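Step one of this worksheet: look at the structure below.
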Amino acid sequence: MRAIKNILVLLVVFTAYSGYGQKYTTKAYALYQEKNYTEAQIWADSAIVSNERFNSQLWQLRGLVYRKLEQTENKKEYRDIAIESFIQARTLDTDGKHKDKIDGYLKNTIIRYYNGAVTSLEEKDLEGAEASYNQYKEKQIKYVDSTADFKESDIQFYTALGSEYLKLVSTLQGEEKTKQTAKGVHFFQKVLELNSNLFGPNLNVGVMYYNNGADLLMNMDPLTPLEEIPIIEEKAQGYFKKALPFLLEAHRLDKARTDVIEALTGCYYGLQDDANYDKYQKILDEKNLPVLLEKHKADPKNIEVVSELVRIYSTTFEDDEKYKKYAEILNKLEE
């Protein structure tokens, strides 16, 4: 009987010691269950400097607490603390009992960097979007899957990022436009390195370069000294030359796109390449003529439409009768 009593005493003492030994973790977990994450943080942080710090589940709990705090207090640094906690939990999980659960916590926490990149794009924080996306990939490789393949997500993300720069440069002028154009081109070229047969990135790089060249010519100060004009024209031609390979590839990928043909026509015009200008202007006029005739039918007083018809019938598709017809209409509209 005495032996049985002694055993019972030992069991009671052990149970009490275990409860006492996990008091910080137990309290933190209770507060977490109550959604009192601020108080849970205090107890979890106390636990990691106590003898409870060797418990994998404590570190899992701490990671979950900080992940909740990141959302409620909007403190991104808490995300890093959560990740560090899950890493420590995995290190202490020597028998792999909680491996799948911990890996799930890590994956779901790291994906927030990707979600943050998307949000930054929507908010037009382009540099922040790039930084967040890079962190997502870096941590995914380091902590989740060292063999992760980001090709498809890279194509989607860098296309979206480049497109935002394309929108941005349309509102800019001068050196700032040149600077932001270079960034947009950089991201589209990253996409083309992954898949060169994509229409969109080829078109967008071509358009960005073409627009820079066109802006130089169209926005030239009428009072520009004569000796400076050739310098500006040469700079514009440099952009047109850069645009051509991308526009030609876009045209190869989609022969029907009128905007590509327009850009090619503009490039060759700026480069004073008459043969290629005539070639693409003819293709463009063939596409536009039926549309122009319909527009004229709907609005006979549209001077711009009539002017285009006069040009087409006097140059691209020479027709004296039609030229005279539309030239006469144009003269009356201009009176």
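What follows draws every value from the coordinates through simple rules; no lab data is involved. Since we're looking at a predicted model, the values are computed, not measured. Positions of Cβ are backbone-derived with ideal geometry, glycine not excepted, and every protein chain shown enters the neighbour counts.
Residues in the stretch 83-95: is at least one within 28 Å of A160 (Cα to Cα), surrounded by 13 or more Cβ atoms within 10 Å (Cβ to Cβ) and free of Cβ contacts under 8 Å to residues at least 60 places away in the same chain? Scanning the stretch 83-95 turns up no residue that is within 28 Å of A160 (Cα to Cα), surrounded by 13 or more Cβ atoms within 10 Å (Cβ to Cβ) and free of Cβ contacts under 8 Å to residues at least 60 places away in the same chain. Does Y133 satisfy the criteria of being touching a helix residue (DSSP H, G or I) at 6+ places or on another chain (Cβ under 8 Å) and under 30 Å from N219 (Cβ atoms)? Taking the combined requirement at face value, the residue does not satisfy it. Among the residues of the stretch 126-164 satisfying the criterion of being of a type outside the set (G, A, S) and in a loop (DSSP other than H, G, I, E, B), which is surrounded by the most Cβ atoms within 10 Å (Cβ to Cβ)? Selected residue: F150. Does Y326 satisfy the criteria of being in contact with a Leu (Cβ under 8 Å, 6 or more places away or on another chain) and under 22 Å from D259 (Cβ atoms)? So Y326 does not fit the description; no. Out of all the residues in the stretch 284-314, which are closer than 15 Å to K332 by Cβ and of a type in the set (G, A, S)? Residue satisfying the conditions is S307 alone.
Of the residues in the stretch 168-181, not one is closer than 18 Å to K76 by Cα and surrounded by 12 or more Cβ atoms within 10 Å (Cβ to Cβ). Of all the residues in the stretch 165-181, those that are under 22 Å from F199 (Cβ atoms) and either in contact with a Phe, Trp or Tyr (Cβ under 9 Å, 6 or more places away or on another chain) or not in a helix (DSSP H, G or I) (or both) number 4. The residue of the stretch 98-107 that is nearest to N51 (Cα to Cα), among those that are surrounded by fewer than 19 Cβ atoms within 10 Å (Cβ to Cβ) and touching a residue at least 24 places away in the same chain (Cβ under 8 Å), is H98.
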